[in-house]
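Structure, as structure tokens:
We did not get these values from a lab; they are worked out from the coordinates using the rules stated. On a predicted model such as this, the values are computed, not experimentally measured, just so you know. Here the Cβ positions follow ideal geometry from the backbone for every residue, glycine too, while neighbour counts run over all protein chains shown.
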Amino acid sequence: MEKYSVAIFKPYPFFTGQKINIVEGPRKGDWEVVGITDRKVKLRCPISNREFDWNRFCYLAEERDDVQWPQED
């Protein structure tokens, strides 16, 4: 059987109160996790305080300590 290089993805285990930064895509920017279900994650914008329920979608690229949040443009 042949072997290949395979990218493996799994859903990120969000937790309520978590501060996140999405680097690319339509949800790009800083968010706070305010709710989680098996299928959805509710995020709040720290600037406008608007909240959005989205299907769970993120995968961890890296974690950093001592990062300013929300970030200034």
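Among I8, I36, rank each residue by its count of other Cβ atoms within 10 Å, from fewest to most, as a rough exposure measure. List each step's numbers first, then the result.
Working: I8 5, I36 15.
Sorted ascending by nearby Cβ count, the order is I8, I36.
Would you mind calculating the relative contact order of the chain from Cα pairs under 8 angstrom and at least 6 residues apart, reporting the percent as a whole number?
With pairs under 8 Å counted, the relative contact order is 24 percent.
I need I47, I20 ordered by Cβ neighbour count within 10 Å, fewest first. Write out the running numbers ahead of the final one.
Values: I47 9, I20 17.
Lowest count first: I47, I20.
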